[in-house]
Amino acid sequence: MNKTNMIPAQMMAVVTTGNGSFDKLEYKKVNTPNPNKNEVLVKVLAAGINNTEINTRLGWYSSSVKTGTDDLNNEIEKGSSDSLNAGWNGSTQFPLIQGTDCCGEVVSLGNKRDNSLLGKRVIIRSCMRTKGFKSKQKIWMASNFDGAFAEYVKVPSTEVFPVNCNWSDEELATIPCSYGTAENMLHISKCNKNDTVLITGASGGVGSAVIQLAKVRGSKVIAIVNKTKFDAALKLGADRVIERNDKIIDILGHNSVNLVVDVVGGEQFTDFFKIIKPGGRYVSSGAIANPIVNFDLRDLYLKDISMLGCTTWEEPIFSNLVNYIERSLISPLLAKTFSLSDIENAQREFLMKNHFGNFVLIP
């Protein structure tokens, strides 16, 4: 059967119309994209939710914002915020179809001569290095062009990765952004079997991925989570858990870990550098608690600590993830599914942070 002939001229999608509250999310009919040369059209089977879409809609990436995601969301809901437009890869051009996490099926090819991908179930690498991996320039699906909160999405053919496994579509949709970010942080910080790793926000999509991926490397893992999620973190592989409101310096002491993997920032930031051993590393890919922190530079330079920011994925990252899945070295962590049209309720529940793992939307 020719799948191309079954592709509708229009599709349903969630269109984000600008910075603001949930009323900026419009579920409506739009034109189905057509793949150009060297592109493929992917039928979206499942699309994950993460902080990126919410932060972009809120305008949290603007340097004018001095609070965490939750506080900014509350301000916007009350109508008391006028944050400037900014996305995590520059200013965001609205209207935009968001959705950085996608599991789908390749249903149409821009280059008709190469049909090796047609019909394959794939995940999409959402961080794309169009100028090659020697340049730090990148574009992000759902930030620089339309993403997966739709029935179809078009992407360069180099950015789709077939996966052979028995995971469901929804489970595969938990992987791209969260696990890509987690794997990249561990890759650039050279995480290894000799490390003791402290993970902040360890019940979220990225943090829970870091637990698994650090254990793949043989590291000892200490996870910071809400007390209600201790059992889940330990079951996932954490060797030790710490309640997120506890004072970590009092519990762990000075010079107790080699590596801090941080997606939270906030009040405990200064203590991270006190618990890192001399010559240790700190790596960050987020600051959902608060991006504005106090910091004693003496803790950095007197202890020869390496401090790493992490947004641009390196070349091995996605191939590594496919390998881990196909070798059953990691397990999916699907918290809940919603229909695409129910995105507002999904994001509201996501912001409550009562879940462990990932939320996924079904078109």
Residue match in the stretch 251-258 (condition: out of contact with any Asp or Glu (no Cβ under 9 Å at 6 or more places or on another chain), surrounded by 15 or more Cβ atoms within 10 Å (Cβ to Cβ) and of a type in the set (Ser, Thr, Tyr)): yes
The listed residue being in contact (Cβ under 8 Å) with a residue 40 or more places away in the chain and at negative phi, out of Val241, Val293, Val322: Val322
From the options Ala346, Ala335, residue that is among the aliphatic types (A, V, I, L, M), within 30 Å of Thr228 (Cβ to Cβ), touching a strand residue (DSSP E or B) at 6+ places or on another chain (Cβ under 9 Å) and without any contact (Cβ under 8 Å) to a residue 60 or more places away in the chain: Ala335
Boolean, Trp140 is in contact (Cβ under 8 Å) with a residue 24 or more places away in the chain, under 16 Å from Thr312 (Cβ atoms) and among the hydrophobic types (A, V, I, L, M, F, W, C): yes
Matching residues in the stretch 24-52 - criterion: being in contact with a Ser or Thr (Cβ under 7 Å, 6 or more places away or on another chain) and of a type outside the set (Gly, Ala, Ser): Lys24, Leu25, Glu26, Tyr27, Pro35, Asn38, Glu39, Val40, Leu41, Asn50, Asn51, Thr52
Residue in the stretch 152-167 that is under 15 Å from Ile325 (Cα atoms), surrounded by fewer than 19 Cβ atoms within 10 Å (Cβ to Cβ) and outside the structural domain of Glu53 (by TED's automatic domain parsing) present: no
Qualifying residue in the stretch 174-193 (condition: surrounded by fewer than 19 Cβ atoms within 10 Å (Cβ to Cβ), on the phi < 0 side of the Ramachandran plot and not hydrophobic (A, V, I, L, M, F, W, C)): yes
Unmet criterion (only one of (1) surrounded by fewer than 13 Cβ atoms within 10 Å (Cβ to Cβ); (2) within 24 Å of the chain's Cα centre (by Cα)) for Ala289: (1)
Checking Asn166 against (1) touching a residue at least 24 places away in the same chain (Cβ under 8 Å); (2) within 25 Å of Lys336 (Cβ to Cβ); (3) in a loop (DSSP other than H, G, I, E, B), the condition it does not meet: (1)
Subset tally (residues that are in contact with a Cys (Cβ under 8 Å, 6 or more places away or on another chain) and not aliphatic (A, V, I, L, M)) for the stretch 190-218: 2
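The values are calculated or read from the model by the stated rules, or taken from the named source; none is laboratory data. The shown structure was predicted, so the numbers you read here are calculated from the model rather than taken from an experiment. Cβ atoms come from the backbone with ideal geometry, glycine included; neighbour counts cover every protein chain shown.
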